[in-house]
Amino acid sequence: MDVVEYRPERDQYVWTFGGVAPSHRISPGTLLRLWTEDAFSGRLTRVTDRPGDVLDMTEVNPQTGPFYVEGAEPGDTLALHIVDLTPARDWGASSTIPFFGALSTTDRTALLHDPLPERTWIYQLDRAAGTVLFEATSADVRLELPCNPMLGTVGVAPAGREVRSSLVPDMFGGNMDTPEMKPGVTCYLQVNVEGALFSVGDGHYRQGEGESCGTAVEGAMDVTLLVELIKGAPAPLWPRIESDTHYVVVGSSRPLEDAWRASQVGMIGWLGELYGLDRLDAYQLLTQISESPLANVVDTNYSAVTKVPKALLPAGRAYNGMHTHLREQAATL
């Protein structure tokens, strides 16, 4: 097995999907050991830091990559298995940022009142306990919350020579901000350009569904990925995630109901592929078994998730058992 280790320097971060030369060329079957910077580019470090003073909004959500996968062609499916996510620092940061967040006036929801005040929270990580510490600034409240590492951003280059900001989620993946992107899952993305050109970043030490204020517990991350390429199978229109317990589809759009619709239609298609159901049978089944958590309601596009539990379905082999194969590989590392 080829192993590639990559810790980018500050001038090697990328800020878009598409339009960037690859950092590496890798073969299917490669194990990647990566480091990703936090969404603030490491600039929020103290509770006294104000985002408006220390952040460069042209340098938020830095990505590690992109990686050119040898043999990947448009119409193929890229499989990325998240073997491990380990916080790379002993603290993470979150904040309120002017004109950003689900419960604030924004440039898209233009109102006359002032934006919410800027405030920063620093969460200390207890590695032994597996928790991060919430400390309120307005009352004597301290809460140890479970540390649940995830990647906010996983994506490939878009089709049609598009170049998209690393803040955007869409059909190519990108900044989906779903807690489903966690260790032990396999993400399936449609290849749009030769080599796929995928990047990852935006590590979160934990995040609630929806990412309400726009920032999770943002933190640098040590990332271990297995990369595979699937040919000869229908490529997913919208990103798919497979865990040991669920099939997941992420749709991204505005308004929010269109993001939800995209994820639902995406799951109807996947159920058809897995079990030979026509659209109406799959629609009926989905209505009775689906779970619909939100991923984010703050990004340039919102992201909604449709999940179905494997326990309620006949045994299936998505992509000829790729997830099981990668789980078995990961267990040997």
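Using the basic label-point model (7 angstrom from Cα toward the beta carbon), what is the Glu59 to Arg25 distance in nanometres?
3.0
Which whole-number value in Å² is the accessible area per residue of the chain, probe 1.4 Å?
Solvent-accessible surface per residue comes out at 44 Å².
For a paramagnetic label modelled at 7 Å from the Cα of Ala88 toward its Cβ, which residues of the range 19-54 fall within the zone defined by backbone nitrogen distances under 15 Å?
Residues passing the 15 Å test: 32-44.
Round to the nearest 0.05 the FRET efficiency obtained for Lys310 and Asp126 when R0 = 41 Å and r is the Cβ-Cβ distance.
0.80
Ratio of Rg to Rh for the range 225-304, alpha carbon only, Kirkwood?
Result for the range 225-304 is an Rg/Rh of 0.98.
When the helix-only estimate is applied to the chain (DSSP H runs of n ≥ 4, each -39,500 (n - 2.57), divided by the residue count), what is the mean residue ellipticity at 222 nm, nearest 500 deg cm²/dmol?
So the helix-based figure for the chain works out to -4000 deg cm²/dmol.
So how long is each side of the range 156-233 along the principal axes, counting just the alpha-carbon atoms, biggest first, in Å?
38, 27, 20
Enter the Cα centre distance for the pair the range 127-185 and the range 72-115, rounded to the nearest angstrom.
6
Mind listing the long-range amide H neighbours of Thr105? Cut-off is under 5 Å, sequence gap 5 or more, other chains count too, H placed in the peptide plane at 1.01 Å from N.
For Thr105, the qualifying residues are Leu116.
Viscosity 1.567 mPa s, temperature 4 °C: Stokes-Einstein D of the range 100-210 from its Kirkwood Cα radius, in µm² per second?
It comes out at roughly 77 µm²/s.
Just for the chain, what percent of DSSP beta bridges are antiparallel, to the closest 5?
Around 90 percent of the beta bridges assigned by DSSP in the chain are antiparallel ones.
For Lys307, list the aspartates and glutamates whose Cα falls under 14 Å from its own Cα; do not include residues on the same chain fewer than 8 positions away.
Answer for Lys307, where 14 Å is the Cα cut-off: Glu180, Glu209, Glu242, Asp244, Glu291, listed by chain and number.
Would you please calculate the Kirkwood hydrodynamic radius of the chain over all C-alpha pairs and express it in Å, rounded to one decimal? Walk me through the intermediate numbers first.
Values: mean 1/r = 0.0496 Å⁻¹.
Computed over the chain, the radius equals 20.1 Å.
Hey, in the GNM for the chain with a 10 angstrom Cα cutoff, which one of Gly208, Gly251, Gly266 fluctuates hardest?
Gly208
Highest first, please rank the peptides 175-188, 14-27 by the mean number of other Cβ atoms sitting within 10 Å of their residues.
Descending mean neighbour count gives 175-188, 14-27.
Can you pull the percent of Cα pairs in the range 106-150 with separation above 18 Å?
50
Antiparallel as a % of all DSSP beta bridges within the range 13-167, to the nearest 5?
Numbers: 17 of 20 bridges.
Antiparallel: roughly 85 percent of the beta bridges in the range 13-167.
What nm value, rounded to one decimal, do you get for the distance between Ser138 and Arg254 when each label is placed 7 Å out toward the C-beta?
Calculated label separation equals 2.7 nm.
Using modelled amide H (1.01 Å from N, peptide plane; none on Pro or chain starts), what sits under 5 Å from the amide H of Tyr302, excluding residues fewer than 5 places away?
Here the answer is Ser253, Arg254, since their amide H atoms fall under 5 Å of that of Tyr302.
Show log10 I(q)/I(0) for the range 7-164 at q = 0.14, 0.16 Å⁻¹, two decimals, from a solvent-free Debye sum over equal Cα scatterers.
Reported log10 I(q)/I(0), two decimals: -0.92, -1.11.
Calculate what fraction, in whole %, of the accessible area of the chain sits on carbon and sulfur atoms when a 1.4 Å probe is rolled over the protein chains.
51
What full-extension length gain, to one decimal in nm, is calculated for Gln284 and Leu111 as 0.36 nm per residue of separation minus the Cα-Cα distance?
Values: separation 173, 0.36 × 173 = 62.28 nm, distance 4.08 nm.
That works out to 58.2 nm of additional length.
Could you order the peptides 45-52, 154-161, 100-107 from most to least packed, using the average number of other C-beta atoms within 10 Å per residue?
154-161, 100-107, 45-52
Quick check: Cα centre of the range 273-289 to Cα centre of the range 1-33, how many Å?
Between the Cα centre of the range 273-289 and that of the range 1-33, the gap is 38 Å.
The values are calculated or read from the model by the stated rules, or taken from the named source; none is laboratory data. On a predicted model such as this, the values are computed, not experimentally measured, just so you know. Neighbour counts run over all protein chains shown; Cβ positions are idealised from the backbone, glycine included. Side chains included, ligands, DNA and RNA excluded: accessible areas come from the protein's heavy atoms. Shrake-Rupley method; radii C 1.70, N 1.55, O 1.52, S 1.80 Å.
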